[in-house]
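Accompanying notes for the structure given below.
The values are calculated or read from the model by the stated rules, or taken from the named source; none is laboratory data. Everything numeric here is computed off the predicted structure, so don't read it as measured data. Methodologically, a virtual Cβ is constructed for each residue, glycine included, from the backbone with ideal geometry; neighbour enumeration extends over all protein chains shown.
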Amino acid sequence: MNIKPEQVDGIVKSLPPAIRGVVIYGSNEGMISSLAQQFIKAVSPDVYDAFHVSYLDMADVTADISVLYAEFNAQSLMGGRRVVVIKDASNLLTKNLKEMLAESSSDSLLVITSSSLKTKDSLALLAKDNNAFYGIGCYDDRDEDITSFVSKFISKQGLKADNMTLQLLCSRLSNDRKISQNELDKLLAYMGNKKIISTDDVLTAVSDTAAATQEDLCYFIALGQTEKTIAAYNRLIFEGENPVSLVRTVSYHFMKLLDCAVKMEKGETADKVISGFRPPLIFFRKPDFLLQLRVWNRNRILSALSFLYQTERECKTSDLPAEQVASFALMRIANSVKRFK
């Protein structure tokens, strides 16, 4: 059966004996690793206990499937349930896994992880369709996921942070849970015996791993920061982002500016318009957003939107590479800000 990552905390507190395994997959390797650790610890508090935990690579299992059978059916000399962890699993495991589970009555827990599996792959479907298995898809954290993750981390470590500090901390973390965990570990070491996290602590100890987010790209463009625009764009493309997706994201940002501009024309103040955002605008973005509202009026925004829509069409139909078409358009918009100031 499929479950969501946020359900794991509650499940592992009392893992049902009927559960024979979990398949954890997706693009967020940090989240995969974190959830796998939780399931291992639900059976063995010491994840390196050789009597209760066995680690196998998919290459080992592929070379000799009997290795998996032997580990799954082994009993601990110390008594108690065992965990068999299979890393980098692929669909080659599916058929043998079905046969092994049908033949064996072992109570060992299988923890199967893979960053290459997709939702419709046979191994993921095996977990989905089997009531004795959990299937968990792990993908890049959204803003609300990062906030939840960080809040839980701070609470577990006995630390406290006010809302402004929490927002700053979340804004500097990556959508990859593994990278974020490393930054939080650095912060924890830096804090020492201190229990109240300050903004200075965050700025000193936590690297800005989210420096090339799509939101940053939008702000750089709308503020006319050309060097930062091209650096952020190139990094996002290098990380695999689709040029059309980036153009569309920038269009959404300018649609938000347009909505604000229209409301301000009707007499609302910029502060009132921004306070109505849902979800709320993160505190450190407010000064830059207010500056954008002073630079971009309705006509300028409409002109930029028209150009962005044209760019999206050209990315899909032009003989030129979409990366170049989008790059030229975004830089042209960023450069235009100089004429407005």
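Is it the case that Gln214 is surrounded by fewer than 19 Cβ atoms within 10 Å (Cβ to Cβ), touching a helix residue (DSSP H, G or I) at 6+ places or on another chain (Cβ under 7 Å) and either under 30 Å from Ser318 (Cβ atoms) or not assigned by TED's automatic domain parsing to the domain that holds Thr147 (or both)? Spelling it out, Gln214 is indeed surrounded by fewer than 19 Cβ atoms within 10 Å (Cβ to Cβ), touching a helix residue (DSSP H, G or I) at 6+ places or on another chain (Cβ under 7 Å) and either under 30 Å from Ser318 (Cβ atoms) or not assigned by TED's automatic domain parsing to the domain that holds Thr147 (or both). Does Ser171 meet the test of being surrounded by 17 or more Cβ atoms within 10 Å (Cβ to Cβ), touching a Gly at 6+ places or on another chain (Cβ under 9 Å), more than 30 Å from Leu92 (Cα to Cα) and at pLDDT below 90? When the stated conditions are applied, Ser171 does not pass them. In the set (1) hydrophobic (A, V, I, L, M, F, W, C); (2) over 18 Å from Pro5 (Cα atoms); (3) in contact (Cβ under 8 Å) with a residue 12 or more places away in the chain, the condition left unmet by Ala124 is number (2). Report whether or not Tyr233 is surrounded by 15 or more Cβ atoms within 10 Å (Cβ to Cβ) and either under 20 Å from the mean Cα position of the chain (by Cα) or under 18 Å from Thr213 (Cα atoms) (or both). Against the criterion (surrounded by 15 or more Cβ atoms within 10 Å (Cβ to Cβ) and either under 20 Å from the mean Cα position of the chain (by Cα) or under 18 Å from Thr213 (Cα atoms) (or both)), Tyr233 qualifies. State yes or no: is Ile32 assigned by TED's automatic domain parsing to the domain that holds Asp129, in contact (Cβ under 8 Å) with a residue 60 or more places away in the chain, within 20 Å of Gln181 (Cα to Cα) and crowded, with 16+ Cβ neighbours inside 10 Å? Spelling it out, Ile32 is indeed assigned by TED's automatic domain parsing to the domain that holds Asp129, in contact (Cβ under 8 Å) with a residue 60 or more places away in the chain, within 20 Å of Gln181 (Cα to Cα) and crowded, with 16+ Cβ neighbours inside 10 Å. In the range 92-139, how many are β-branched (Val, Ile, Thr), in a strand (DSSP E or B) and within 21 Å of Ala59 (Cα to Cα)? The qualifying residues number 3. In the set Leu169, Leu236, Leu188, Leu203, only one residue is assigned to a helix (DSSP H, G or I), more than 30 Å from Leu290 (Cβ to Cβ) and aliphatic (A, V, I, L, M); that residue is Leu188. Is it the case that Ala222 is within 17 Å of the chain's Cα centre (by Cα) and either modelled with pLDDT of 85 or more or not aromatic (Phe, Trp, Tyr) (or both)? No, not satisfied.
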